[in-house]
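Notes follow the structure.
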Amino acid sequence: MTAPRIPVDVDETTGWWTVDSLPMILVPQHFLVNNHKAVEAALGVDAYRALLDPAGHRSAWHWCEHEAAHHGLAPEDTVRHYLKRLSQRGWGQFAITELDAAAGHARVRREHSVFVNQYGHDAGRKVDYMFCGWLEGAMEYAGTQLGWRQRVHASEVQCAAEGAPHCEFEVVPR
């Protein structure tokens, strides 16, 4: 089965890549994860996550807002599209197992994680926490489009880096 192609435009002057008119950067997995590990070592995982969550939330909200307008997507379809695009861009494969944006609830399965690939299946801790803020931002964007302003909380409930068969996230109302 051939993966669907994502059109990438490269500006001849700047060298910038864009997909659906959003600027992109292509970097190797090890580069990204080595930087991630360096910040964890310097700040500690809890402090790093405290920085990542709001930034990830803001970025996911912005992306969802842009893509919903660009493609004319309904709120839940925007969340599905977001996770599809993350899957197509090398972060690992995301699959929604439960989604009720009106209730602020979702469960997301993740396989082939870039972080698990680099940390290993025996890291002894959850390593995919970066995506919690992303899931919160996407779900809260969808919720506001459905008329609510509820905050949600995402947690990584299992991780393949702890020996689980896959990573899994849950999003619930705060």
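Here is how the numbers come out for the structure above:
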{"read-out": "Wholly enclosed helices (runs of 4 or more DSSP H) of segment 55-174 bearing at least 3 residues out of contact with any His (no Cβ under 7 Å at 6 or more places or on another chain) and without any contact (Cβ under 8 Å) to a residue 24 or more places away in the chain", "value": "75-88"}
{"read-out": "Test: residue in segment 22-44 that is under 20 Å from the mean Cα position of the chain (by Cα), more than 21 Å from Val114 (Cβ to Cβ) and outside any loop (DSSP other than H, G, I, E, B)", "value": "no"}
{"read-out": "Residues within segment 72-96 that are of a type in the set (Ser, Thr, Tyr) and under 28 Å from Arg149 (Cβ atoms), tallied", "value": "2"}
{"read-out": "Residue within segment 6-22 that is touching a residue at least 40 places away in the same chain (Cβ under 8 Å), surrounded by 14 or more Cβ atoms within 10 Å (Cβ to Cβ) and closer than 23 Å to Val157 by Cα present", "value": "no"}
{"read-out": "Qualifying positions in segment 125-174 - of a type in the set (Gly, Ala, Ser) and within 21 Å of Leu51 (Cα to Cα)", "value": "Gly133, Gly137, Ala138, Ala154, Ser155"}
{"read-out": "Enumeration of residues in segment 122-174 that are farther than 21 Å from Trp63 by Cα, crowded, with 16+ Cβ neighbours inside 10 Å and not hydrophobic (A, V, I, L, M, F, W, C)", "value": "Lys126, Glu156, Gln158, Glu162, His166, Glu168"}
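Only the coordinates and a few stated rules stand behind these numbers; no lab work does. These numbers come from a predicted model, not from an experiment. Don't worry about glycine lacking a Cβ; one is built from the backbone with ideal geometry, like all the others, and counts go over all protein chains shown.
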